[in-house]
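The structure under discussion appears below in the form of structure tokens.
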């Protein structure tokens, strides 16, 4: 009666690290930051920051409202925030990026839209970010200047 489970059923599950790709499917909205040791593909909407030690792909229908940080990034959808790619950043197809980019290497297709500052090279990709508010640089205060 009380011994219906054998010992193998009660052992903890084994976990794998970084072997697959995590998919955020179309029609899915995630609010909050995501941190992953594996590749990420976003075909839905993310409202928050993304950090991956691997590759981040934002699909054609994907939308990210926040910053992206990864080894590589492949953007086909829309990003409103800063992007940091230690290695290669690709802006492909009809992608739209509104924010600053920091990349070791950059590839931009003619149909991609990019509004922001571009910082390239190994040092730019690993440098500390400037203070940001919602993907936009904070306004610097100048003594005697009026604020708008």
Percent relative contact order for region 21-127, counting Cα pairs under 8 Å at least six residues apart, stands at 16
How far, in nm, would the chain grow between residue 35 and residue 109 when pulled straight, counting 0.36 nm per residue and subtracting the alpha carbon separation?
23.8 nm
How many angstrom lie between the C-alpha centres of region 20-34 and region 39-98?
12
If you stretched the chain out fully between residue 122 and residue 88, how much longer would it get, using 0.36 nm times the residue separation minus the C-alpha to C-alpha distance?
11.2 nm
Sort 92, 84 so the one with the fewest other Cβ atoms within 10 Å of its own Cβ comes first.
92, 84
Highest mean packing first, using Cβ neighbours within 10 angstrom, the peptides 94-100, 26-32, 62-68 sort as 62-68, 94-100, 26-32
Using 0.36 nm per residue, how much length does the chain from residue 60 to residue 26 gain when fully extended, once their Cα-Cα distance is taken away?
11.2 nm
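All of the numbers you see were taken from the coordinates with simple rules; none came from a lab. None of these values were measured; they are calculated from a predicted model. Note: ideal-geometry Cβ built from the backbone for every residue, glycine included; neighbour counts use all protein chains shown.
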